[in-house]
Amino acid sequence: MTRARTAGPPNREEGSTDTSVRRARAHVPDDADNGWQSKRHNQAGRGTRTITPETDNTMSNRTLVIIPTYNERENLPTVVSALFDNVPDANLLIVDDGSPDGTGGIADQMAHDDPRVFAMHRTGKLGLGSAYLVGFGWGLERGYDILVEMDADGSHPAQTLPTMLETVGRESVPGSPALVIGSRWVPGGAVVNWPKSREILSRAGNVYTRVALGLPVKDATAGFRAYRADALAALDLTTVDSYGYCFQVDMTMRMIDAGHTVREVPIVFREREVGESKMSRAIVLEAMWKVTLWGAARRARQVRAALTHRTASRAVGGSPGSRPTR
Ligand SMILES: Nc1nc2c(ncn2[C@@H]2O[C@H](COP(=O)(O)OP(=O)(O)OP(=O)(O)O)[C@@H](O)[C@H]2O)c(=O)[nH]1
Ligand SMILES: [Mg+2]
């Protein structure tokens, strides 16, 4: 078989952001009405069959790693081989935004050569956040159990991924971690080759985020993550509207607000050695103003809740029937 196993995007993306979806090459069935829990695709993503967890043991604990790429041709092969050295059973979805340097072609070649790899193509640079959202949608439709976010620039250590995957909990175990973050800012975590200015920006941004939003997380901007699919599926991801770093903060906040446990596993994060960072002033500003707005909205909600509670307590305390009788 010589066709490239290029993935089509989730159906809700069609006709919106991507006009050049290569569905003809995708060999991905039209599954608009398939609930991911009831009807699942086979491992290769080709064809559909109805499978229940009881009838297919291979469905257990399947992991999809999503790597968004924009101009990462020098990094992608190294990162992918490190990934499979450490987690050989994982599947990989590369979401490329029409990289001018030809990263998309490399992704297609990988998808052609390795049945674990899928490549999705979008027409323009639409941002890291939206790349992960389409990747999540694709993975949820296909019934993966764990969805991983990982950068293509070599900053995220694949050797820590097995620990992260072991730390992710199970839906059936109440309170078990639904999100595991590869964290630079917990004991044992570190950054290598980062300019002091980047370290200060990241540390300060995380302190600000923690204080403004009251999140019990040390590295809420981190992009190396493993999510329990059931927890992601229960969120309304259609309302996520974050482009850069704040996408990670947004997702952390949503998981915590949904009552999920978030765990941080220390990682050693390395500055990319080749290629260019896509971090920009606009991305930092987006994170700052969004975190500030979210923080203000949360505080306002807390104050409203406290006032409502006080009024309710007074009403109860003030009613004659509620007074202790002597
Ligand atoms: N598909 C897609 N991928 C992107 C986009 N922007 C960045 N990426 C990828 O997202 C990952 C993270 O991007 P980086 O440039 O390393 O940015 P960063 O990790 O936020 O910033 P640094 O801390 O400077 O590394 C890399 O794999 C990029 O190729 C985008 O618009 N679309
Ligand atoms: Mg990076």
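Read through the list (1) in contact with a helix residue (DSSP H, G or I) (Cβ under 7 Å, 6 or more places away or on another chain); (2) surrounded by 21 or more Cβ atoms within 10 Å (Cβ to Cβ); (3) among the polar types (S, T, N, Q), then give the number of the only condition that Gln159 fails.
Exception for Gln159: condition (2).
Does Gly105 satisfy being at negative phi and free of Cβ contacts under 8 Å to residues at least 24 places away in the same chain? Before you say what the answer is, go through the steps one by one.
Numbers: at negative phi: yes; free of Cβ contacts under 8 Å to residues at least 24 places away in the same chain: yes.
When the stated conditions are applied, Gly105 passes them.
Within the range 181-215, track down each residue that is small (Gly, Ala, Ser) and surrounded by 12 or more Cβ atoms within 10 Å (Cβ to Cβ).
Initial filter on the range 181-215 (small (Gly, Ala, Ser)): 182-183, 188-190, 197, 202, 204-205, 212, 214.
If the condition is that a residue be small (Gly, Ala, Ser) and surrounded by 12 or more Cβ atoms within 10 Å (Cβ to Cβ), then Gly182, Ser183, Gly189, Ala190, Ser202, Gly205, Ala212, Gly214 are the ones that fit.
Spot the failing condition for Asn71; the list is (1) within 16 Å of ligand 2 (Cβ to nearest atom); (2) within 22 Å of Glu166 (Cα to Cα); (3) not small (Gly, Ala, Ser), and only one is missed.
It fails just one condition, (2).
Please go through (1) of a type in the set (Phe, Trp, Tyr); (2) without any contact (Cβ under 8 Å) to a residue 60 or more places away in the chain; (3) outside any helix (DSSP H, G or I) for Trp289 and return the number of the only condition it doesn't satisfy.
The one condition Trp289 does not meet is (3).
Kindly indicate whether Leu285 is more than 13 Å from ligand 2 (Cβ to nearest atom), surrounded by 11 or more Cβ atoms within 10 Å (Cβ to Cβ), within 18 Å of the chain's Cα centre (by Cα) and at pLDDT below 95. Let's see the steps before the verdict.
Values: more than 13 Å from ligand 2 (Cβ to nearest atom): yes; surrounded by 11 or more Cβ atoms within 10 Å (Cβ to Cβ): yes; within 18 Å of the chain's Cα centre (by Cα): no; at pLDDT below 95: yes.
In short, no.
Just need a number here: residues in the range 263-274 that are outside any strand (DSSP E or B) and more than 9 Å from ligand 2 (Cβ to nearest atom).
3
Yes or no, residue by residue, for (1) more than 10 Å from ligand 1 (Cβ to nearest atom); (2) more than 26 Å from Thr163 (Cβ to Cβ); (3) among the polar types (S, T, N, Q):
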position: Val268; (1), (2), (3): yes, no, no
position: Arg272; (1), (2), (3): no, no, no
position: Gly275; (1), (2), (3): no, yes, no
position: Lys278; (1), (2), (3): no, yes, no
position: Ala282; (1), (2), (3): yes, yes, no
position: Glu286; (1), (2), (3): yes, yes, no
position: Lys290; (1), (2), (3): yes, yes, no
position: Leu293; (1), (2), (3): yes, yes, no
position: Ala296; (1), (2), (3): yes, yes, no
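Across the range 229-262, what is the total count of residues that are polar (S, T, N, Q), within 16 Å of ligand 1 (Cβ to nearest atom) and not in a loop (DSSP other than H, G, I, E, B)?
As a first pass, look at the range 229-262 and keep what is polar (S, T, N, Q): 238-239, 242, 248, 252, 261.
If we keep only those that are within 16 Å of ligand 1 (Cβ to nearest atom) as well, we get 242, 248, 252.
Remaining after also requiring not in a loop (DSSP other than H, G, I, E, B): 248, 252.
Number satisfying all stated conditions: 2.
Criterion first (touching a residue at least 60 places away in the same chain (Cβ under 8 Å), closer than 24 Å to Ile283 by Cβ, buried (at least 23 other Cβ atoms within 10 Å of the Cβ) and of a type in the set (A, V, I, L, M, F, W, C)) does Val95 satisfy it?
Details: touching a residue at least 60 places away in the same chain (Cβ under 8 Å): no; closer than 24 Å to Ile283 by Cβ: yes; buried (at least 23 other Cβ atoms within 10 Å of the Cβ): yes; of a type in the set (A, V, I, L, M, F, W, C): yes.
The answer is no for Val95.
So Arg142 fits all but one of (1) away from ligand 1 (no atom under 16 Å from the Cβ); (2) surrounded by fewer than 24 Cβ atoms within 10 Å (Cβ to Cβ); what number is the exception?
In the conditions (1) away from ligand 1 (no atom under 16 Å from the Cβ); (2) surrounded by fewer than 24 Cβ atoms within 10 Å (Cβ to Cβ), Arg142 misses (2) alone.
If you check Ser183, Ser130, Ser172, which single one turns out to be more than 30 Å from Ala297 (Cβ to Cβ) and polar (S, T, N, Q)? Can you show your working first?
Values: Ser183 fails: more than 30 Å from Ala297 (Cβ to Cβ); Ser130 fails: more than 30 Å from Ala297 (Cβ to Cβ).
Exactly one of Ser183, Ser130, Ser172 is more than 30 Å from Ala297 (Cβ to Cβ) and polar (S, T, N, Q), namely Ser172.
I'm told Leu83 meets every condition in (1) farther than 14 Å from Ala152 by Cα; (2) within 16 Å of ligand 2 (Cβ to nearest atom) except one. Can you identify the failing condition by its number?
With (1) farther than 14 Å from Ala152 by Cα; (2) within 16 Å of ligand 2 (Cβ to nearest atom) applied to Leu83, the lone miss is (1).
Would a scan of the range 238-246 turn up a residue that is modelled with pLDDT of 95 or more and either over 18 Å from Glu166 (Cα atoms) or aromatic (Phe, Trp, Tyr) (or both)? Talk me through it step by step, then tell me what you get.
As a first pass, look at the range 238-246 and keep what is modelled with pLDDT of 95 or more: none.
Checked against the condition, which is being modelled with pLDDT of 95 or more and either over 18 Å from Glu166 (Cα atoms) or aromatic (Phe, Trp, Tyr) (or both), the range 238-246 yields no hits at all.
Could you tell me which of the residues Pro157, Pro187, Pro177 is more than 16 Å from ligand 1 (Cβ to nearest atom), over 26 Å from Ala258 (Cα atoms) and at pLDDT 95 or above? Please lay out each step first, then the result.
Numbers: Pro157 fails: more than 16 Å from ligand 1 (Cβ to nearest atom); Pro177 fails: over 26 Å from Ala258 (Cα atoms).
Checking each option against the conditions leaves just Pro187.
Which is closer than 22 Å to Glu74 by Cβ, assigned to a loop (DSSP other than H, G, I, E, B) and touching a strand residue (DSSP E or B) at 6+ places or on another chain (Cβ under 8 Å), of Gly175, Gly169, Gly154? If you could, list the steps in order and put the result at the bottom.
Details: Gly175 fails: closer than 22 Å to Glu74 by Cβ; Gly169 fails: closer than 22 Å to Glu74 by Cβ.
The conditions single out Gly154.
The values are calculated or read from the model by the stated rules, or taken from the named source; none is laboratory data. All values derive from a computational prediction rather than experimental measurement. Reconstructed Cβ throughout: ideal geometry from the backbone, glycine too, with neighbour counts over all protein chains shown.
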